[in-house]
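Student: Handing you a structure now.
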Amino acid sequence: MKEIIFPEGFIWGTTTSSYQIEGAWNEDGKGESLWDYVCHNLGIVANGDTGDVACDHYHRYREDVALMKKMGLTAYRFSMSWPRIFPTGRGKINPKGVEFYDNLVNELIKYNIEPVVTLYHWDLPLPLQNIGGWTSREVVDAYVEYAKFLFDHFGDRVKKWITFNEPQIFTVLYYSLGFFEEGVAGGFQASHLVNVAHARAVQAYRKCEYSDGIIGITLNLGTVYPKTDSDLDKQAMHILDSLNNQWYLDPVLKGFYPNEILTALRQKFEISFPEEDLSLLKSVLPLDFLGINNYSCSRVGVSKPEDLSDILSFLESHVQGIMAGEEKEEGRKYSELGWEVCPEGFYDLLIRIDKDYNHVLTYITENGIACKDNKIEDGIVQDEDRISYLQRYLEAANRAIANGVNLRGYFIWSFMDNFEWHHGYSKRFGLIRIDFETQERIWKKSAQWYREVINTNGFGMET
Ligand code: GCO
């Protein structure tokens, strides 16, 4: 048995997001969001599921916070729903929406659970999508107004802020998948405007009355490995790494974009990255912290040099491969979503970020696994596979810390089962099981295990 012990003061949390848990999609003056629209109109979600009710957290937040307390969480990361606060995206505030988040924040604080707030976890107010979404600078302005309101109103109690969750997904990925007509060029342009919005929000936070907290951004990141040792596969690895990781890390931590991708974009599209925007990105450095979401790693290979001659087509075919379900390799383990269990990739990622980005302060803002969760004994879900995953990832994080990585906290995705985007309710990530018929909350073995981890600041692991 190996004892894995974390540094004193390490933060132990869980994460959720507004659309995935709140429900109450049209109650108390909330406006429509992009995801309300997607679920109700696009027909792309498994079983026709929607977030209309989700975990009904909007009405059950007290019960949920009480469970968090029982679990011993020292922090809870959640997102605020922009259209609950500004129903049309800007202008008139919805007091009922503000009251909900006041109550939630106060309830957390009452139990000594630190609220960590994400400003944007993909539920854009629909009227803002209709004027161009993240390809429009008007939307950036609206976001900054929304951000300022949150800082002024909640800043006395919220001391950790995350401007955006996983920009890659709602920009380049959504656009490559054809969610919006602008296509992949629109996706890259949007990713830049999101960085501009992020930088302006950081500026606003530092000027607000309660600027004694910290502000960062959460990126989805993952180590890319070449499928074989061939030069071609290594080249593919390098390109995919720039597209998936560096394109998002560099602008928010260094204030510029990787050149090779900029050049490829400019050869193909009219796309603009004005100098003044780049100065703005630089002006907010160093960023207070980086939030890392990591679940898996990728393995990439191509069969002929031409497959790499156009890196944007390469990206599109890679995205399609992911959506079709990547091929599984003999001898590796995969989650219910088909994602490889890859703790070494997690370790390599943490070391690499620390080295390439100046020992930046990091939090793991999401890590977890979708499991079948179909064995219930004595009223407890027997999810040993989740515990084993979490142990292996936490062991990797612990080793990274021992090797000098500036990692100070860990948040499991997710506190409870919830609406898993286009998989609807068919995939379960929670530590707490939700019976979506009755809204009953049921403990999983992993939740009991996590409570022990928090209690002892570590765990024992079979070697
Ligand atoms: C994410 C998403 C979460 C997902 C989770 C599992 O940030 O990727 O924010 O909303 O539900 O990652 O796929």
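A short reminder: the numbers here are calculations on the coordinates, not readings from a lab. Quick caveat, the model's predicted, so the values are computed rather than measured. Virtual Cβ from ideal backbone geometry, glycine too; neighbours counted across all protein chains shown.
Student: Modelling each spin label as a point 7 Å along the Cα-to-Cβ direction, I'd like the Asp231/Asn358 distance in nm, to one decimal.
Tutor: It is 3.6 nm.
Student: What ranking do 107-113, 73-79 get when scored by the average of other Cβ atoms within 10 Å per residue, highest first?
Tutor: Details: 107-113: 15.4, 73-79: 24.3.
Per-residue Cβ counts within 10 Å, averaged per peptide and sorted highest first, yield 73-79, 107-113.
Student: Check each of the GluC sites (Glu not before Pro) in region 328-364 and keep only those in coil by DSSP with at most 12 other C-beta atoms within 10 angstrom; list them in order.
Tutor: Glu329, Glu330
Student: How do the peptides 313-320, 301-308, 129-136 rank, highest first, by the average count of neighbouring beta carbon atoms within 10 Å per residue?
Tutor: 129-136, 313-320, 301-308
Student: Which Cα, out of Val65, Ser296, Asn455, lies furthest along the positive dipole direction of the chain (beta carbon charges, K/R +1, D/E -1)?
Tutor: After comparing all options, I get Asn455.
Student: Take the alpha carbon gyration tensor of region 96-212, find the square roots of its eigenvalues, order them as a ≥ b ≥ c, and report rounded if a/c is under 1.5; if not, report prolate when a/b exceeds b/c, else oblate. Mind showing how you got there, number by number?
Tutor: Working: a/c = 2.30, a/b = 1.95, b/c = 1.18.
Judged from the Cα gyration tensor, region 96-212 comes out prolate (a/c at least 1.5, a/b above b/c).
Student: When a/c reaches 1.5 or more, the comparison of a/b and b/c decides; with that in mind, is region 310-457 rounded, prolate or oblate per its Cα gyration tensor?
Tutor: Note, shape of region 310-457 comes out oblate.
Student: Note the full-extension length gain between Asp378 and Gln203 as 0.36 nm times their separation in residues minus their Cα-Cα distance, in nm to one decimal.
Tutor: Roughly 57.8 nm would be gained on extension.
Student: Moving to a separate point now. Which of the cysteines found in the chain have nothing to pair with, since no other Cys Cβ lies under 4.7 Å from theirs?
Tutor: So, Cys39, Cys55, Cys208, Cys371.
Student: Name the residue farthest towards the positive end of the dipole of the chain from the options Val224, Thr74, Leu240, assuming +1 on Cβ of Lys and Arg, -1 on Cβ of Asp and Glu, about the Cα centre.
Tutor: Ranked along the dipole, the leading option is Thr74.
Student: Also: With labels modelled as points extended 7 Å from the Cα through the Cβ direction, what inter-label distance (nm, one decimal) is found for Ala324 paired with Asp307?
Tutor: About 1.2 nm separates the two model spin labels.
Student: Here is a follow-up. Pull out a ≥ b ≥ c, the square roots of the eigenvalues of the alpha-carbon gyration tensor of region 60-139, then state rounded if a/c is under 1.5, prolate if not and a/b is larger than b/c, and oblate in the remaining case. Mind showing how you got there, number by number?
Tutor: On the way: a/c = 3.38, a/b = 2.23, b/c = 1.52.
Prolate is the answer for region 60-139, as a/c is 1.5 or above and a/b outweighs b/c.
Student: Additional query: How do the peptides 392-404, 269-281, 244-256 rank, highest first, by the average count of neighbouring beta carbon atoms within 10 Å per residue?
Tutor: My ranking of the peptides, most packed first, is 244-256, 392-404, 269-281.
Student: With +1 on each Lys and Arg Cβ and -1 on each Asp and Glu Cβ, how big is the dipole of the chain about its Cα centre, in debye rounded to the nearest 20?
Tutor: 1000
Student: Would you tally the net charge around Val116, using a Cβ to Cβ cut-off of less than 14 Å, leaving Val116 out, and scoring K and R as +1, D and E as -1?
Tutor: Numbers: positive: Arg77, Arg157, Lys159, Lys160, Arg408; negative: Glu114, Asp288, Glu366.
Net charge around Val116: +2.
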